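Worksheet: the structure to be examined is printed underneath.
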Amino acid sequence: MSSTPAADLIHHPYQPPAGFEAPQPAVHKASTVIFPDVAALRARDWKRKDGYTYGLHGTPTTFLLEERLATLEGGRHCLLVPSGLAAIANVNLALLASGDEVLLPDNVYGPSRAMAEGELAQWGITHQRYDPMDPADLARRLGPRTKLVWLEAPGSVTMEFPPLPQLAALCRARGVTTALDNTWGAGLAFNGFDAGCDVVVQALTKYPSGGGDVLMGSVVTREDALAHRLKLTHMRLGWGVGANDAELVLRSLASMPLRYRAHDLAARQLARWLQGRPGIAAVLHPALAGAPGHDHWRALCGDDGQAAGLFSVVFDAGIAPARVDAFCDALRLFRIGYSWGGPVSLVVPYDVAAMRAPGRWPHGGTLVRLSIGLEEPQALQDDLAQALAAIG
Ligand SMILES: *Cc1c(COP(=O)(O)O)cnc(C)c1O
């Protein structure tokens, strides 16, 4: 990550058309791209970014967004795909073949696990889930068939922050490619490549879009050969993105560092406030002392490091799931729904025990994930207070 992400995103190089200068890039839309003659058509290599072949393989608008995202993540190559989940699929399909094994953290983003249990299993690709907080567990599971290890920091929903550089180093020592789902860090909280990861994906749907109105994903790499493999799969699967959506993300990127900081500050304030509330057994936020993996977060992100506006609370085991549902229903500013990273605060209850390998989840109570939007923190705190009071 650059030390000046906001300045880099705003002043990233862009060549406006001759005679017209504005800071905002144009939106270029095309399926067909015209060649001046047959020789030019024959000479054109779609894999190179010094020209255009066909709308699916890139337009000036998508190339520009790819460059900015590569800069943001500290990588060199970027592919855009129609969703964060498609980014995960692009990596899996490019790097895995029948007979291979992929390792997923036990707290992996749920649909990624569903892909492993569904399509990957159907195609003869096995998977195992490892404990991301225990490097020895990962080391034990790395075998001759392991071709890819997924990493997430922190884990989805339960928010444990793993010793990421240590996990990545273990894989590198065994020659196994690692892919980081960096949606939480957004390229701002830490640099996935410096942490030792080979591929960094993001759901641009979250903070890079910031509006709750775009679905898109990115796959970023530093290494040419790896980028090439990912790109061939991307091309063969036909995964393009619309220029209007790419433009929305380009527009939002400039404000992302400010938004990320605002979401972070508000989330920490609310997480600390919730720590003292009756009925709350645990607050799972990696930047809070005592939270699972807090020391790993501090080691990677810094003593005054950043965090996303996302955390979870676990209710006391004595509070029945139906009462936790009633708490969610009683919230007025927090809306019930999936995803995060937009202006609206969101809440979702999860039955974590059913999502985990047996014995890996220490809590008896129901977990509720909160995504903090851009409302005033005090208004959100008042909302949480009235909903807690309502289930008294
Ligand atoms: C949301 C999310 C995704 C998937 O993104 P979509 O664009 O919704 O497909 C992947 N990983 C993580 C960690 C996410 O939070």
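The values are calculated or read from the model by the stated rules, or taken from the named source; none is laboratory data. Here the structure is a predicted model, which means the values were calculated and not measured. With ideal geometry, Cβ positions are generated from the backbone for all residues, glycine too; neighbour counts draw on all protein chains shown. For the accessible areas, the whole protein counts, side chains as well, though only heavy atoms, and no ligand, DNA or RNA atoms are used. Shrake-Rupley method; radii C 1.70, N 1.55, O 1.52, S 1.80 Å.
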Sequence neighbours fewer than 8 away in the same chain don't count; with that in mind, list the lysines whose C-alpha is under 21 Å from LYS206.
-> none
Binned Cα-Cα distance frequencies in the range 38-253 - 10 Å width, integer % = 8, 36, 36, 16, 3, 0
If you stretched the chain out fully between ARG332 and ALA317, how much longer would it get, using 0.36 nm times the residue separation minus the C-alpha to C-alpha distance?
-> 2.9 nm
Out of every Cα-Cα pair in the range 75-162, what percent are more than 22 Å apart?
-> 27
accessible surface per residue for the chain, probe 1.4 Å, DNA/RNA/ligands not counted, whole Å² -> 43
Carbon/sulfur fraction of accessible area - the range 38-253, other protein chains in place, 1.4 Å, % | 52
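With a Förster radius of 41 Å, plug the Cβ-Cβ distance of LEU258 and ARG360 into 1/(1 + (r/R0)^6) and report the FRET value to the nearest 0.05.
My answer for the efficiency is 0.65.
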Cross-link partners of LYS49 among lysines (Cα-Cα below 25 Å; sequence separation of 8 or more within a chain) | LYS29, LYS231
Phi-derived 3J(HN,Hα) across the range 178-195 with the Karplus relation (6.51, -1.76, 1.60, θ = phi - 60°), rounded Hz, x for Gly and Pro, is 10, 10, 9, 8, 9, 4, 5, x, 6, x, 10, 6, 6, 9, x, 6, 5, 6
Which three lengths, in whole Å and largest first, does the range 1-69 cover when its Cα atoms are put on their principal axes?
-> 45, 30, 17
Can you pull the accessible area of SER3 for me, 1.4 Å probe, Å² to the nearest 10?
-> 110
Put LEU237, LEU346 in order of accessible area, largest first, probe 1.4 Å, and you get LEU237, LEU346
Could you work out the helix-only [θ] at 222 nm for the chain, with each DSSP H run of four or more residues adding -39,500 (n - 2.57) and the total divided by the number of residues, to the nearest 500 deg cm²/dmol?
-> -10500 deg cm²/dmol
Would you mind checking which residues have amide H under 5 Å from ALA281's amide H? H placed 1.01 Å from N; only 5 or more apart, or other chain.
-> VAL314, PHE315, ASP316
Write down the percent of antiparallel bridges among all DSSP beta bridges whose residues are both part of the chain, to the nearest 5.
-> 60
Using θ = phi - 60° and the Karplus form 6.51 cos²θ - 1.76 cosθ + 1.60, what ³J(HN,Hα) does each residue of the range 258-266 get, whole Hz, x for Gly and Pro?
-> 5, 5, 4, 5, 5, 4, 4, 4, 5
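Would you calculate the volume per residue, in Å³, of the smallest convex hull containing every Cα atom of the chain?
On the way: hull volume 55.3 nm³, N = 392.
Taking the convex hull of the Cα positions in the chain, it is 141 Å³ per residue.
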Relative contact order for the chain, counting Cα pairs under 8 Å that sit 6 or more residues apart, in percent = 16
Scattering from the C-alpha atoms of the range 256-390 alone, worked out with Debye: what is log10 I(q)/I(0) at q = 0.19 1/Å?
-> -1.15
FRET efficiency, 1/(1 + (r/R0)^6) with R0 25 Å, evaluated for ASP194 and ARG277 via beta carbons | 0.10
At 1.4 Å probe size, with no ligands or nucleic acids counted, give the accessible surface of ARG323 in Å², nearest ten.
-> 90
SER218 accessible area, assembled protein chains, probe 1.4 Å, Å² = 0
Accessible-area ranking of MET115, MET159, largest first, probe 1.4 Å = MET115, MET159
Would you pull out the residues with amide H under 5 Å of THR205's amide H, same chain only if 5 or more places away, H placed 1.01 Å from N?
-> GLY84, MET216
Just how far, in whole angstrom, is the range 186-214 from the range 134-149 if you go by their alpha carbon centroids?
-> 24
Taking amide H positions as placed in the peptide plane 1.01 Å from N, state which residues far from PHE311 in sequence (5 or more) or on other chains have amide H under 5 Å from it.
-> LEU370, ILE372
At q = 0.13, 0.18 Å⁻¹, what base-10 log of I(q)/I(0) does the Debye formula yield for the range 248-332 when every alpha carbon is treated as an equal point scatterer in vacuo?
-> -0.54, -0.87
Hz values of 3J(HN,Hα) by residue in the range 88-93 - Karplus curve (6.51, -1.76, 1.60), Gly and Pro given as x | 5, 5, 4, 5, 4, 6
Cα-projected label distance for VAL38 with GLU223, points at 7 Å along beta-carbon direction, nm | 4.2
Carbon/sulfur accessible area of the range 256-390, % of total, 1.4 Å probe, equals 54
Return the percentage of antiparallel bridges among DSSP beta bridges fully within the range 38-253, rounded to the nearest 5 %.
-> 40
Shape call for the range 117-242 from the C-alpha gyration tensor, a ≥ b ≥ c root eigenvalues: rounded (a/c under 1.5), prolate (a/b greater than b/c) or oblate?
-> oblate
Of the convex hull enclosing the alpha-carbon atoms of the range 328-375, the direction-averaged projected area in nm² is 4.0
